[in-house]
Amino acid sequence: MDTSEKAFYRHVALTSDAPMGISISHAEGPFFYSTENRRYIDFISGIAVSTLGHRHPAVVEALRKQLDKHLHVMVYGEFIQKPQADFAGLIASVMPESLDRIYFVNSGTEANEGALKLAKKHTGRTRLIAFRDSYHGDTHGSLSVTGRDVYRDPYLPLLPDVHFFDFNDDAVLEAINTETAAVIMEPIQGEGGIIPSDPEWLKKVRAACTEAGVCLIFDEIQSGFGRTGDLFAFMGYNVVPDILTIAKAMGGGMPVGGIVSSSRIFESFMYNPPLNHVTTFGGHPMSCAAGYAALKFTLDNNLPERAHHIEKKIRKGLALEGVQEIRGKGAMLGMVLESFEMTKFVVEKCLDSGLLLGWTLHSNTLVRLAPPLIIEDDILDEAIVIIQEAVSSYGK
Ligand code: PMP
C-alpha cells in the first residue's frame with residue numbers, strides 16, 4: 001500500500017466496509033486508469049456525471065480560462081459573475097418559457113432541499129407528497145422525501161407531513177389537495193431500479209397539481225442533460241414541472257446543481273425576509289464555466305440522440321438468456337438479472353475484465369448501465385462483449 005492508500009483506509013471517513021478501493025491515476029474519455037495502470041471502461045459515468053466522458057477537452061479549456069480570471073469572489077447572488085450568468089442564460093434557452101430562472105447550488109441534495117423550501121414558501125403550505133423507492137439525497141429534507149425505510153429509519157424523526165405513494169399508481173391523485181405544498185418525484189426513478197413513469201399517469205399527476213395549486217417538483221438530477229435521450233426526461237413526456245432540480249452531469253465533472261423554476265415562484269426567495277435562502281459557494285465560477293462548456297457541447301453535438309443509439313445497441317447486445325429485462329430510457333438503463341448472486345457475479349466479473357458497472361441503491365438484482373454519451377461504438381461493443389461473457393459464464 002502506498003501512503004495515499006494507507007491514508008484512505010485510515011483517515012477518510014468511509015461509507016461502507018467494502019469500498020471498491022481502486023486507486024485512480026487518471027481518467028480520459030470513457031476510461032479511467034488505476035495506479036497499476038489498468039484501463040477500465042466507465043460504464044456508469046461516475047453515477048450519471050461524466051456524460052461527456054472524463055476531462056472533456058471543451059470542459060478542460062473552459063476551466064483553464066476561468067482559472068486565470070477568478071475563483072470565488074462573493075457569496076451567491078450578489079455579484080454579476082459572467083460564468084454564472086451565461087450558464088443561467090444557456091439553461092433558460094433550452095427550457096420551456098415557464099422555467100426561466102435558475103438558483104445555483106453545489107449538489108443534488110442541496111437542489112432538492114431548496115426546491116422543497118421554495119414550494120413551501122410559495123404555497124404557504126407544508127404537506128409534501130413523495131413516492132416509494134424514490135431517492136432524493138441524504139440531507140435531512142431530501143431524506144424526508146426519499147422512499148426507502150432502511151435509509152430513513154436511523155434518522156427519524158425527519159420532516160413531518162410527508163406522505164408516500166406507490167409510483168405509477170393512481171392512488172396519489174386523490175391525495176393531491178389544497179393543503180399540499182409539493183409533489184416531488186423523479187420522472188424516471190434511478191436508485192429505485194431505473195423505473196420510468198407511465199406517460200399517462202404523469203399527465204394525471206400534473207393535472208391534479210395544477211388543479212390544487214401544488215408545486216410539481218421533478219428531480220432530474222440523475223436523468224438530466226441528455227442521458228435519457230431527451231435533454232431532460234420531462235421533455236420526452238411533454239409534462240412541465242413547476243420546479244426542476246438538476247445536478248450530476250450539469251458541471252461536466254465539476255460539482256454544481258440547480259433549482260430551475262419561474263420568476264413568479266422564485267419571488268419567495270427574494271422577499272419576506274430578503275436573503276431567506278442563501279449559499280456561499282452555489283454556482284462556483286469554475287463549475288459554471290465547465291457546465292456552460294458541457295451543455296454547449298451537448299447541444300451542438302446532439303448528445304441526447306447518441307443516448308438512443310446506445311440504448312439500441314445495448315438492448316440488442318444484451319438480449320441474452322439470464323437477462324430478465326433491460327429497463328429504462330436512452331443511456332439510463334438497468335439490466336435485471338435472476339438473483340442477487342448472479343448480479344454480484346456479473347458485476348465482479350466485468351470489473352475483473354476492465355468494465356465498471358454498478359448497482360442502484362434500492363435494488364439488488366439490477367445492474368446499472370449508464371455509459372458516457374461520447375462513448376465510441378468500438379468501446380461500446382467491447383463493453384457489451386464483456387457483459388455477454390460474464391452473463392453466459394454464470395453458474396458454469
Ligand atoms: N436525486 C437523484 C435522483 C439522485 O440520483 C441523486 C444522487 N444519486 C441525488 C438526488 C442526490 O445528489 P447528490 O449526491 O449530488 O446530493
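The table below gives the values:
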| item | result |
| --- | --- |
| Criterion: closer than 30 Å to K69 by Cβ, under 19 Å from the mean Cα position of the chain (by Cα) and not acidic (D, E) - qualifying residue of G291, G334 | G291 |
| Of all residues making up region 89-108, the number that are part of a helix (DSSP H, G or I) and open to solvent by 30 Å² or more (accessible area, probe 1.4 Å) | 4 |
| Scan of region 48-88 for residues that are assigned to a loop (DSSP other than H, G, I, E, B) and closer than 20 Å to T298 by Cβ, ordered by number | V49, S50, T51, L52, G53, R55, H56 |
| Hey, D86 in contact (Cβ under 8 Å) with a residue 60 or more places away in the chain and either away from the ligand (no atom under 16 Å from the Cβ) or charged (D, E, K, R) (or both) or not | yes |
| Wholly within region 152-268, strands (runs of 3 or more DSSP E) carrying at least 2 residues that are over 30 Å from P371 (Cα atoms) and among the hydrophobic types (A, V, I, L, M, F, W, C) | 162-165, 180-185 |
| Sole residue being within 16 Å of the ligand (Cβ to nearest atom) and out of contact with any Lys or Arg (no Cβ under 9 Å at 6 or more places or on another chain), chosen from S45, S50 | S50 |
| Lone unmet requirement of (1) under 26 Å from L295 (Cβ atoms); (2) in contact (Cβ under 8 Å) with a residue 12 or more places away in the chain for V60 | (2) |
| Checklist (1) away from the ligand (no atom under 16 Å from the Cβ); (2) within 15 Å of the chain's Cα centre (by Cα); (3) not acidic (D, E) applied to M185, failing item | (1) |
| Residue check for G192: out of contact with any Lys or Arg (no Cβ under 6 Å at 6 or more places or on another chain), within 16 Å of the ligand (Cβ to nearest atom) and at pLDDT below 95 | yes |
| Filtered residue count, region 117-143, keeping only those that are in a helix (DSSP H, G or I), buried (at least 24 other Cβ atoms within 10 Å of the Cβ) and within 12 Å of the ligand (Cβ to nearest atom) | 1 |
| Members of region 93-116 found to be away from the ligand (no atom under 16 Å from the Cβ), touching a residue at least 40 places away in the same chain (Cβ under 8 Å) and of a type in the set (G, A, S), listed by number | S98 |
| Tally, over region 331-383, of residues that are assigned to a loop (DSSP other than H, G, I, E, B), at pLDDT 95 or above, under 17 Å from P19 (Cα atoms) and open to solvent by 40 Å² or more (accessible area, probe 1.4 Å) | 0 |
| Residue within region 219-230 that is closer than 20 Å to G147 by Cβ, more than 10 Å from the ligand (Cβ to nearest atom) and not assigned by TED's automatic domain parsing to the domain that holds A331 present | no |
| Test for S34: is it among the small types (G, A, S), without any contact (Cβ under 8 Å) to a residue 24 or more places away in the chain and more than 13 Å from L357 (Cα to Cα) | yes |
| Tally of residues being outside any loop (DSSP other than H, G, I, E, B) and open to solvent by 60 Å² or more (accessible area, probe 1.4 Å) across region 15-47 | 5 |
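Yes/no matrix, rows are residues, columns are (1) modelled with pLDDT under 95; (2) at positive phi; (3) assigned to a helix (DSSP H, G or I); (4) loosely packed, with under 15 Cβ neighbours inside 10 Å:
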site: T280; (1), (2), (3), (4): no, no, no, yes
site: M286; (1), (2), (3), (4): no, no, yes, no
site: A289; (1), (2), (3), (4): no, no, yes, no
site: A294; (1), (2), (3), (4): no, no, yes, no
site: T298; (1), (2), (3), (4): no, no, yes, no
site: R306; (1), (2), (3), (4): no, no, yes, no
site: E311; (1), (2), (3), (4): no, no, yes, no
site: K316; (1), (2), (3), (4): no, no, yes, yes
site: A319; (1), (2), (3), (4): no, no, no, yes
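The values are calculated or read from the model by the stated rules, or taken from the named source; none is laboratory data. Fair warning: this is a prediction, and the values are worked out from it, not measured in the lab. Using ideal geometry, Cβ is built from the backbone for each residue, glycine included, and neighbour counts are taken over all protein chains shown. To get the accessible areas, we keep the full protein, side chains included, count just its heavy atoms, and leave off ligands, DNA and RNA. Shrake-Rupley method; radii C 1.70, N 1.55, O 1.52, S 1.80 Å.
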